[in-house]
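So the structure is just underneath, and the comments pick up after that.
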């Protein structure tokens, strides 16, 4: 089920929440697990059994590991890790690997990837490692553990949550007024980002033919905005929903297009993924406490893996490697320069390089990548009527989109003339009601546009 | 966490609950008049349909289709988006004064040559028949200055007509419509032209006739919301559909629909008058073949190849032919030569609006068959 649907917004959410309030405290976690599993089965009925098995398996295997010591502990940890990794690789890269090897000569069945796989497997891996390194104790309560893995707000597209980030709230939480207020507001804002902005940009993108500089520019720029509002919008919805039920999920985005370097960008974009790779791959490989050559290797490994996590086709590896190279260059050469030049230039530098990088993300084959790049640099003429018209027709969305990449909207109330808190509150609510109505009008009008990151 | 969102949660959630309750209370609708389709109904649950994901999809469609104030919300979005400066939604442009203009079809040189050659060949095969071409520009052509397009529809008009043989009579629809463009010659909300402009073109087509007839104008429907407005949920403007009835009672005619086994003594389908597609008051819509037999003396028998633009023009032709056969190549699969020889056709009229003419290939199919 998608959060951006009339069904979820006006039927499922009200029901789930009201029931939650009525359920006695001791049973609230069990209730949430049932809701989350139903939620999963709605979107992926064929894999619900797989998902439940995976949870139960990890519950037992990690408790078992916690009982062991020394070599045994290490052995079982590695086995467990490999099993989880194998599941991810099997579903995700099966067709990609086969494609690479046999290239269309053999027919094979593509297994549909269980929804949310890339996200919850990474959650489980972080749990595996944290239990093994004794950072946390294996959770003894099956319900609580299941809730950790399956909690529906973060189930399909993250944020990727470590167990110690959520354990406290699993065991003891309450829905405070600020949490509920902020959560409800944040959910609607995320929904608006997805439905009004991301979906519109997706629709524009599907109409662009890249045959000139202007169309290539528009294509890249549109996707740059689309993927941000799609994924950040979803994260707002996930965190907002979590807040409504008394949870505080980790942040995932921090105005990434205002980053002052590529390294900074990756500390602002999909933050839970970045910190996963840092803590569970980069640092175990030695981090930056190694010689220069090893450092470059470590960085490249991390970034190529990051790219691969996003997709099984080669372009994703290229995308990851692209950032790997940029970050290596920054760490070795550019960092001082970037810190010295005026902020506006470093922001521009990051934005341009990141936007350009999206070409490798949304073009899945070499032909379309090379077409994009050659058109972008004038290989096919400067402008075409259609792309100019598309931009003119939708200029308002682009303007709102650019502004929404910054904290301007959020801080608007600070410049308001009214000092009266009550007036500000009322205006605040009025604005959100208007946003809700507009979002609903878009929801009702649009044909279904699925989340970009839900393919992972 | 600072509490600067006082009352936010409860207010927004209260709205969600209210809408939820409204959904439950209001009974399900069966059809949408505006969208001309049946609305999804509550699907039955079964384990297998849930496992296939079918139940989920159907249920979501059901919820969306039955959402209260659905059309109002859709038209709110259109209004909002228009206010934001959007000039085109799907393939519909916002012209001036509430006029909606459909994106024109741009034919390639090959397509134009193909069609022209087939029509010319048809004329050559039937040299004794008087052949007429009435190609009608759409709003995109007549009001081209109101929209932002890469090419001009009127350029294609001139180019195409120049490819037709001189033996074909070409009715100058372009100049006539341009001359009257300040009048209501097209519906604002629909892709069709009005009965008024059909009359102008009919007058031009019949200009050499001696007898002229006078007409009374009646309003068939003054709340017509046409295809273009419905497509983009645009509620700002309504159109008036007019019927022109001859003052004389001397002309009597009989209409048959041979493919459907129906007949009537009028070309007007009053059941469609107040339907959501009020334009269908003319003949009830499109038919594969319509035969009109009149009490008009003389030996003129007309065969018309047409699209729906012809529907409001044909009534003006009735007093001048003893027989009219109307063929819509999109639906007719019969033998044209059989009609021409069997009915002893004396005149042929191609009556098309440019978008359908260049967007459709059924005319080629039917001409190809007859040329064999």
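When the square roots of the Cα gyration tensor eigenvalues are ordered a ≥ b ≥ c, the ratio a/c for region B:18-68 is 1.5 or more and a/b does not exceed b/c, which makes its shape oblate. Shielding by partners for peptide A:37-49, expressed as the average number of C-beta atoms from other protein chains within 10 Å of each residue's C-beta, is 2. Separation of region A:143-179 from region A:213-275 is 20 Å, based on Cα centroids.
Comparing region B:100-371 with the 2.2 N^0.38 Å rule of thumb, its C-alpha radius of gyration ratio is 0.97 (two decimals). What is the Cα centroid distance between region B:176-195 and region B:100-149, reported in whole angstrom? Value for the Cα centre distance between the two parts: 18 Å.
Thinking of region A:19-172 as a set of Cα atoms, what percent of all their pairs are more than 23 Å apart? Tail of P(r) above 23 Å: 42 percent of Cα pairs. Taken residue by residue and averaged, Cβ atoms of other chains lying within 10 Å of the Cβ of B:142-150 number 1.
Working from Cα pairs under 8 Å separated by at least six residues, relative contact order for chain B is 16 percent. With the Cα gyration tensor of region A:341-406 giving a ≥ b ≥ c as the square roots of its eigenvalues, does the rule (a/c under 1.5 for rounded; else a/b larger than b/c for prolate; else oblate) give rounded, prolate or oblate? It is oblate, given that a/c is not under 1.5 and a/b is not larger than b/c. Among B:18-28, B:233-243, the peptide with the highest mean count of other Cβ atoms within 10 Å heads the list, and the full ranking is B:233-243, B:18-28.
Rounded to the nearest 10 degrees, the inclination of helix B:362-371 to the longest alpha-carbon principal axis of chain B is 30 degrees. How far is helix B:195-205 tilted off the main Cα axis of chain B, in degrees rounded to 10, range 0 to 90? The two axes meet at around 20 degrees. Using bins of 20 Å that start at zero, the share of Cα-Cα pairs per bin across the protein assembly as shown amounts to 13, 37, 30, 17, 4, 0, in whole %. Per-residue shielding of B:21-30, expressed as the average number of other chain Cβ atoms within 10 Å of the residue Cβ, stands at 1.
Its Cα gyration tensor gives region B:1-94 an equivalent ellipsoid, and the semi-axes of that ellipsoid, as √(5λ) in whole Å with the largest first, are 28, 26, 14. Peptides B:286-295, A:180-189, A:234-243 ordered by packing proxy, namely the average of other Cβ atoms within 10 Å per residue, highest first: A:234-243, A:180-189, B:286-295.
Taken together, the values in this text are just the output of simple stated rules run on the coordinates, not laboratory data. Not measured: the values here are computed from a predicted model. FYI the Cβ positions are ideal-geometry reconstructions off the backbone, even for glycines, and counts take in every protein chain you see.
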